[in-house]
Amino acid sequence: MVRFFKKFYKPFIITYILLTVAISFYPSFNFYSIKGQLVLISVASINGLMGVYVKKI
């Protein structure tokens with residue numbers, strides 16, 4: 001379980017931060033709404049799961 005969490009949180013946090021910075025330049029995206037946060041968290045979660053199941057090349 002700890003190994004899963006270690007492999008998950010690194011890509012999750014990196015994706016969340018970089019996507020937040022990138023999408024903040026898009027003027028019509030409502031960052032502070034529930035819908036906006038759900039979009040960011042879902043994309044970061046998918047990337048976190050990819051970090052768990054895809055091995056480094």
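The values are calculated or read from the model by the stated rules, or taken from the named source; none is laboratory data. Everything quoted here is computed from the prediction, not taken from an experiment. We place every Cβ from the backbone using ideal geometry, glycine too, and count neighbours over all the protein chains shown. Remember, those area values only see protein heavy atoms, side chains included, never the ligands or the DNA or RNA. Shrake-Rupley method; radii C 1.70, N 1.55, O 1.52, S 1.80 Å.
A few comments on the model shown:
- Computed from label points 7 Å out along Cα-Cβ, the spacing between F25 and V2 is 4.1 nm.
- Sulfur and carbon atoms: percent of accessible area, the chain [1.4 Å]: 74 percent
- The range 1-16-the range 36-52 distance, computed between alpha-carbon centres (Å): 10 Å
- Using a cutoff of 8 angstrom between alpha carbon atoms and counting only pairs six or more residues apart, the relative contact order for the chain works out to 53 percent.
- Here the chain has an Rg and Dmax of 12.7, 39 Å, counting Cα atoms alone.
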